[in-house]
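The values are calculated or read from the model by the stated rules, or taken from the named source; none is laboratory data. Keep in mind that what you see is a predicted model, and the values were worked out from it rather than measured. For neighbour counting, all protein chains shown are included, and Cβ atoms are generated from backbone atoms with ideal geometry for every residue, glycine included. The area values use the complete protein model at the heavy-atom level, side chains included, leaving out ligands, DNA and RNA. Shrake-Rupley method; radii C 1.70, N 1.55, O 1.52, S 1.80 Å.
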There are 2 protein chains.
Amino acid sequence: MKTRDKIILASLELFNDKGERNVTTNHIAADLSMSPGNLYYHFRNKSDIIYEIFIQYELLVDHYLQITDDRPLNLNDLVYYLESVFDGLWSYRFFHRDLEFLLDSDERLRKDYREFTVRCLDGIKKILKGLQKGLDGVLKDLEDEHIESMVLNVWLVVTNWMAYLKTAHAGDDNIAIDKGMLRQGIYQILSFTVPYLTPAYVEEIKKLQDQYRPNYSI
Amino acid sequence: MKTRDKIILASLELFNDKGERNVTTNHIAADLSMSPGNLYYHFRNKSDIIYEIFIQYELLVDHYLQITDDRPLNLNDLVYYLESVFDGLWSYRFFHRDLEFLLDSDERLRKDYREFTVRCLDGIKKILKGLQKGLDGVLKDLEDEHIESMVLNVWLVVTNWMAYLKTAHAGDDNIAIDKGMLRQGIYQILSFTVPYLTPAYVEEIKKLQDQYRPNYSI
DNA sequence: GACTATTTAGAGTATATACTCTAATAATAT
DNA sequence: ATATTATTAGAGTATATACTCTAAATAGTC
């Protein structure tokens, strides 16, 4: 692997593990048994590393969120989208943690992230509309305003589920959050659909939710 | 005002304005035209200042979230609770921004915050249950599981609405977020109730939502 | 093998940050 | 007034952090 890519990878791992705020460029270099000089030969500054990581994240999620619109969407589709997105979220979990600071310190990133948000919201909307399509659509027809609200709610829960887990569950015992716990966010997202399900799918969603049900209690 | 209180107040203002990460103890002292030595005479370290601010935040929200349970709740009650909570959120808006880091660096805070979360979730639950009570309850009866999901969804949207505004709307033009924009989160929270409203309240909630409707488009 | 361009090491720097220390000042009690 | 205590100033320190600079090593080319 190229040095540049090694730097990106090690940075991502350290960021995910310790939080961007707690990882310095010197740490990254040390982690790779590399001199700071070398790191700075490949990246002008820390922001550039973060930006590069964001580009990867963006690519991944944009790829996942290519929503089929030539046919109605079914529950399998929904699960696939959710699993994919939560997978991306897990791989780049540091990102939403220090998001505000990151956007404050990099204008490029701020602009790109805003556009990224718009695309994601649009993707979510397409999914919901796709679930309404067809004779036996999963979701009932909804007023556009309801859809918009729901899209935003889904986005907020998706992007902040990780933070919720960390703050509400990581106690003195310092339970580490794992990918499995993150997937419980899927249960939470599915709950949004419940009031709008067509009768045929009520039981199906229940079964589905069972697969992602949290086994902890707050 | 006592010096100690001045420090707390100035810190809160600076934190809210610039983010905790960007505010040093020296900044706080300078802002008060005070020596660092003096600041450290009153607080052992930065964490102690933050902790003290959290205690105030906690007190405020706990106060707001004393939910009447001797009668059914109506829409006025709901609005009061929402307005109050969003008001607290605004006054201490720095807090949820760097939450994960703050909790990582202060065990006391971590523990307290976790308990605080539990109380808040419980408060939200009481509100929802209160809205179901009575002959003309605002909300239909719901399975407990639905309530639990909804409680968590409400919490996630409430605590992260600010971050959403900042990241999705603060662009190059650097629109500052104001209290009014924050209140649009109330619109978003009200959307959770829509599918569960008893018929008598459908129109009422619509009217209410209109009052908080965002005037921007994403 | 000689020459050039790329990559890397590692010591070094300027700045920032949390926090300390001591002496001076102000407030309070007797 | 004097003694005591609480408060404040402000210079200073140890450490961290992002980043630079130069020389050496390595790779690639003719």
Computed P(r) (all Cα pairs; the protein assembly as shown; 10 Å bins; percent): 4, 19, 29, 28, 14, 5, 1, 0
Residues losing 30 Å² or more accessible surface upon assembly, segment A:147-167, compared with the chain by itself, 1.4 Å: A:Ser149, A:Leu152, A:Asn153, A:Leu156, A:Val157, A:Asn160, A:Tyr164, A:Thr167
Accessible surface of segment A:47-212, 1.4 Å probe, proportion on carbon and sulfur as whole %: 51 percent
Nearest-first distances (nm) between copies at A:Lys207, label 7 Å from Cα via Cβ: 4.5
Trypsin sites (Lys or Arg not before Pro), loop per DSSP, at most 10 other Cβ atoms within 10 Å - longest free stretch of chain A: A:45-218
For the axis carrying chain A to chain B: nearest C-beta residue of A, whole Å: A:Pro195, 2
Accessible area that becomes buried as B packs against A, both chains, 1.4 Å probe, Å², nearest 100: 4500 Å²
1.4 Å probe, heavy atoms, protein only - residues of segment A:175-196 losing at least 10 Å² accessible area vs chain alone: A:Tyr187, A:Gln188, A:Ser191, A:Phe192, A:Val194, A:Pro195, A:Tyr196
The protein assembly as shown - mean residue ellipticity at 222 nm from DSSP helices (-39,500 (n - 2.57) per run, n ≥ 4, rounded to 500): -23500 deg cm²/dmol
List of segment A:8-54 residues, accessible area with partners at least 40 Å² below that of the chain alone (1.4 Å probe): A:Arg21
Probe 1.4 Å, accessible area per residue of segment B:1-43, Å²: 55 Å²
Inter-copy label distances at A:His63 (7 Å, Cα→Cβ; nm, one decimal): 5.3
Cut-off under 5 Å, modelled amide H: who pairs with A:Leu139 long-range: A:Gln132, A:Thr198
Carbon plus sulfur fraction of accessible area for segment B:1-43, probe 1.4 Å, in percent: 49 percent
Cβ-based charge dipole, the protein assembly as shown, positive-most Cα from B:Gln56, A:Val194, B:Ile127: B:Gln56
Inter-copy label distances at A:Met1 (7 Å, Cα→Cβ; nm, one decimal): 5.1
Mean projected area in nm² (Cα convex hull; one quarter of hull surface) for segment B:46-212: 10.7 nm²
Cβ-placed point charges (K, R +1; D, E -1), dipole of segment A:31-169 about Cα centre in debye, nearest 20: 240 debye
Cα long-axis angle, helix B:75-91 against chain B (0 to 90 degrees, to the nearest 10): 20 degrees
Only Lys, Arg (+1) and Asp, Glu (-1) charged, at Cβ; the protein assembly as shown dipole about Cα centre in debye: 620 debye
Per residue, in Å², the accessible surface of segment A:47-212 once ligands and nucleic acids are set aside, probe 1.4 Å: 41 Å²
